[in-house]
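Below: one structure, written as structure tokens.
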Amino acid sequence: MKLPELHIGNHTASIPIVQGGMGVGISLSGLASAVAREGGVGTISAVEIGMDEPDYRTNKRQANVRALRKEIRRARELCPGGVLGVNIMVAINNFDEMVRAAVDESIDLLVAGAGLPLSLPQYVMDTSTAAVPIVSSPKAIQLIARRWHKRYNYCPDAVIVEGPLAGGHLGFSLEQLEHMEEHLLEDIARGVIEAVKPFEDKFGRKIPVIAAGGIYDGQDIARFINLGCAGVQMGTRFVATHECDASDAFKEAFLRSGPEDVVIIKSPVGMPGRAIKNEFIEQAGKKTDKVKCRYNCLKPCNPRTAPYCIADALINAKLGHMDKGFAFAGHNAYRIKQITSVKELMNELVTEARSCLSTSS
């Protein structure tokens, strides 16, 4: 059975797989263009994207905007006809500036999470860029959709619903994560599908719901398509690819991990996150030195109480200095045992998903 195409706004991906945006510097133009070439949606993470710019430490905001434009243009050169997105965290201090730059570069999808992107439509209206919020509950998408409808008469072009098994910063409390059986992605996705129906009726068009968080193989993809989702978002699986923009040491952390190594941490920005445990994480809570904030990158971060600078830690990890940083990762990271190409991974996922869909039909 053929997998359904994924339609988001005016853009169509032949394979309903969205590669999740992974920062800092893990999914840039290299990975995003490779996924788009294979028919999926490739996503560039905008968070601290200017780390390699010469003036990053002295002129960070402009360096990030400049680097975002460069990465979008490079991805277009590498994959002129593919569907490309940018993930921009609502929590960053220059969210508006980064969004304007991405839209100005005619990015196909603008994906926004880590907060409620209540003003996003004002930047994408009358452009070719689709607006895609990330939510962790039906209540969140109802709030966003109502605001967009009332203030802008705009409908979400798609919704990514992220469950508690995702990597990185999570939209769940520590208490909720301790009782994940009460917050299954399947249940949340069903609720979001129901929550967008009134807005589909109002605007006379479908709002694709994309499941994310713990999606690992073709069986998972088939399960969520059968559930009514238009597609899935996957991040962790794409780390262990040759085209991933992370260092070899970063990728090796995934290959060496076991189930006990994928842990929930309390991020300096005040949110829980899922990462691969290492010496840096174990020692971070014991540090008493004051953090010198060089970046002012995230609104919730308080350098006076933070045990370390998360921007420094994630930049170090991207560069391979794992003794000075760590890797965010999804719940299933330990299942990955080899590096492959994006083409091989996409073929494997599609073959598995088609087989499962055929069996269930």
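Would you be able to say whether some residue in the range 4-15 is assigned to a loop (DSSP other than H, G, I, E, B), in contact with a strand residue (DSSP E or B) (Cβ under 8 Å, 6 or more places away or on another chain) and within 26 Å of L314 (Cα to Cα)?
Checking the range 4-15: not a single residue is assigned to a loop (DSSP other than H, G, I, E, B), in contact with a strand residue (DSSP E or B) (Cβ under 8 Å, 6 or more places away or on another chain) and within 26 Å of L314 (Cα to Cα).
Which residue pairs have Cβ atoms closer than 8 Å, lie 6 or more positions apart in sequence or on different chains, and pair a first residue in the range 51-65 that is over 16 Å from I92 (Cβ atoms) with a second residue that is modelled with pLDDT under 95 and basic (K, R)?
R57/R294
From the list G213, G235, G228, G204, exactly one residue is at positive phi and buried (at least 18 other Cβ atoms within 10 Å of the Cβ). Which is it?
Only one candidate passes the filter, namely G213.
Within the range 114-142, take every residue that is buried (at least 24 other Cβ atoms within 10 Å of the Cβ) and within 18 Å of L165 (Cα to Cα) and give me the one that is nearest to the chain's Cα centre (by Cα).
Only one residue fits best here, namely I134.
From the set of residues in the range 167-201 that are of a type outside the set (D, E) and surrounded by fewer than 14 Cβ atoms within 10 Å (Cβ to Cβ), which is nearest to K277 (Cα to Cα)?
L174
Among E200, E252, which is assigned by TED's automatic domain parsing to the domain that holds I276 and either without any contact (Cβ under 8 Å) to a residue 60 or more places away in the chain or basic (K, R) (or both)?
Exactly one of E200, E252 is assigned by TED's automatic domain parsing to the domain that holds I276 and either without any contact (Cβ under 8 Å) to a residue 60 or more places away in the chain or basic (K, R) (or both), namely E252.
Which of the residues spanning the range 292-332 are within 20 Å of P272 (Cβ to Cβ), in a loop (DSSP other than H, G, I, E, B) and modelled with pLDDT under 90?
The answer is C297, K299, P300, C301, N302, P303, T305, A306, P307, Y308, C309.
Which one of these is assigned to a helix (DSSP H, G or I), touching a Leu at 6+ places or on another chain (Cβ under 6 Å) and small (G, A, S): A67, A36, A63?
Result of the check over A67, A36, A63: A36.
Please tell me if R74 is charged (D, E, K, R) and in contact (Cβ under 8 Å) with a residue 60 or more places away in the chain.
No, not satisfied.
The values are calculated or read from the model by the stated rules, or taken from the named source; none is laboratory data. Predicted, not measured: the structure shown is a model, and the values here were computed from it. As a convention, Cβ positions derive from the backbone with ideal geometry for all residues, glycine included, and neighbour counts pool all protein chains shown.
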